[in-house]
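Written below as structure tokens is the structure these notes are about.
The values are calculated or read from the model by the stated rules, or taken from the named source; none is laboratory data. It should be emphasised that the depicted structure is a prediction, and the values quoted were computed from it without experimental measurement. For neighbour counting, all protein chains shown are included, and Cβ atoms are generated from backbone atoms with ideal geometry for every residue, glycine included. Please note that ligands, DNA and RNA were not included when accessible areas were found on the heavy atoms of the full protein model with its side chains. Shrake-Rupley method; radii C 1.70, N 1.55, O 1.52, S 1.80 Å.
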Amino acid sequence: MIKLQNISKTFTVNGNDVHAVKNVNLDIQDGEIFGIIGFSGAGKSTLVRCINLLERPSEGSVIVNGQDLMRLDAKALREVRKKIGMIFQHFNLMRSRTVYQNVAFPLKHSKLSKEELDKKILSLLELVDLKEKKDAYPSQLSGGQKQRVAIARALANDPDVLLCDEATSALDPQTTQAILKLLKQVNEKLGITIVLITHEMGVIKDICDRVAVMENGEVKEMGDILEIFAHP
Ligand code: ADP
Ligand code: ADP
């Protein structure tokens, strides 16, 4: 479903090249939870942002559901991006909008009727167990609740894929477990493929099917979770 072929990304900072991602190949299957682990600065975030072209790779191709994203015009890319949800470490909610309005935001140009929209938003809030907070503002929520809102918002356009960039790194261990459980549910119940990046081994071990280990912009190892963590 997601094929990254020979992806490299170089940033130029003050005339110096930073090779954030170097010649990475990844094949992510439909329906799996794929983890990318590595230390800070390893290139994980840059790589995952290449999947929806938040970063444009310097080289290589990004194929999602058979489409080469680098070849799409702006309009076609907007359509493809609707099917790729994303959540972040610091949630990125809009602070002047309520929970309801944050979740409604990606549906602004949707063709659904007002009633259908309302039903959809309430069902998303139900999925993340936040219906009773629909009129609250982000500042009134805990970190875990904010991430639940972000998950509901990311699912609003019924994506095929959910990209999670250090989604539990700002949360305490107990809240991390609850969010991972929700992501697992999203994967199993809705059949959404999940790509998750983290520096936390526990997160990978808890929910990923396969994992890539990144170091200095390169994928050093890749395989089933059991294989990767089996060696001494
Ligand atoms: P990780 O997610 O594993 O912490 P990143 O992908 O954020 O790693 O960063 C990889 C490398 O690329 C780092 O050296 C970082 O400083 C650099 N980098 C990331 N984004 C930019 C940018 N927009 N401009 C310049 N350098 C960047
Ligand atoms: P706009 O950005 O177009 O001003 P809003 O984002 O404020 O609109 O709201 C979009 C729609 O969602 C409106 O029709 C509004 O009535 C409805 N809405 C907003 N907040 C809630 C809520 N907490 N509960 C139910 N409906 C809401």
DSSP beta bridges in the chain, what fraction antiparallel, as a percent rounded to 5?
55
Please give the contour-minus-distance gain from residue 13 to residue 30: 0.36 nm per residue of separation, less the Cα-Cα distance, rounded to one decimal in nm.
2.5 nm
Kirkwood radius from Cα pairs of the range 95-232 plugged into Stokes-Einstein at 4 °C, 1.567 mPa s, gives D in µm²/s equal to 79
Projected-area mean, the chain, by convex hull of Cα positions, square nanometres:
13.7
Karplus couplings for the range 39-52 from phi (6.51 cos²θ - 1.76 cosθ + 1.60, θ = phi - 60°), rounded to Hz, Gly and Pro as x?
5, 4, x, 6, x, 4, 5, 4, 4, 5, 6, 6, 5, 10
Go through 90, 109 and list them by solvent-accessible area, largest first, probe radius 1.4 Å.
109, 90
Compute the acute angle (0 to 90°) between the alpha-carbon long axis of helix 114-127 and the principal axis of greatest extent of the alpha-carbon atoms of the chain; round to the nearest 10°.
60
For residue 94 and residue 181, compute 0.36 nm times the residue count separating them, minus their Cα-Cα distance, and round to one decimal in nm.
28.8 nm
Can you give me the distance in nm between label points at residue 63 and residue 200, each placed 7 Å from the Cα along the Cα-to-Cβ direction?
3.5
Phi-derived 3J(HN,Hα) across the range 69-80 with the Karplus relation (6.51, -1.76, 1.60, θ = phi - 60°), rounded Hz, x for Gly and Pro, is 4, 5, 9, 7, 7, 4, 5, 5, 5, 4, 5, 4
Positive minus negative residues near residue 87 (Lys, Arg vs Asp, Glu; Cβ under 9 Å):
0
The range 50-107, relative contact order in percent, only Cα pairs under 8 angstrom and at least six apart counted:
20
Longest to shortest principal axis, alpha-carbon extents of the range 24-105, angstrom:
40, 35, 27
Compute the signed sum of charges (Lys and Arg +1, Asp and Glu -1) over the other residues within less than 14 Å, Cβ to Cβ, of residue 205.
-3
Rounded to the nearest 500, the 222 nm mean residue ellipticity computed for the chain from DSSP H runs (n ≥ 4, each -39500 (n - 2.57)) alone is -10000 deg cm²/dmol
How large is ³J(HN,Hα), in whole Hz, for each residue of the range 217-228 in order, when computed from phi with the Karplus curve 6.51 cos²θ - 1.76 cosθ + 1.60 and θ = phi - 60°, using x for Gly and Pro?
x, 10, 8, 8, 8, 8, x, 5, 4, 5, 4, 5
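Taking 31 Å as the cut-off for C-alpha to C-alpha distance, list the pairs among 108/146; 119/184; 111/146; 3/114 that go past it.
Numbers: 108/146 21 Å; 119/184 24 Å; 111/146 27 Å; 3/114 37 Å.
Cα-Cα > 31 Å for 3/114; rest within.
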The range 153-178 versus the range 79-116: alpha-carbon centroid distance in Å:
14
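From the square roots a ≥ b ≥ c of the eigenvalues of the alpha-carbon gyration tensor of the range 39-163, which class results: rounded (a/c under 1.5), prolate (a/b over b/c), or oblate? Could the numbers behind the result be given before it?
Working: a/c = 2.66, a/b = 1.47, b/c = 1.80.
Because a/c hits 1.5 or more and a/b fails to exceed b/c, the range 39-163 counts as oblate.
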Give the percent of DSSP beta bridges with both residues in the range 104-232 that are antiparallel, rounded to the nearest 5.
55
Counting other Cβ atoms within 10 Å, keep those with at most 16, restrict to DSSP loop, and tell me which GluC sites (Glu not before Pro) in the range 20-108 are left.
32
Expected field for residue 87, accessible surface area in Å² at 1.4 Å probe radius, rounded to 10, holds 0
Contact order relative to length for the chain, counting C-alpha pairs under 8 Å separated by 6 or more residues, stands in percent at 29
Can you give the net charge of the other residues whose Cβ lies under 12 Å from the Cβ of residue 142, counting K and R as +1 and D and E as -1?
+2
Quick one: order 58, 110 from most to least accessible surface, probe 1.4 Å.
58, 110
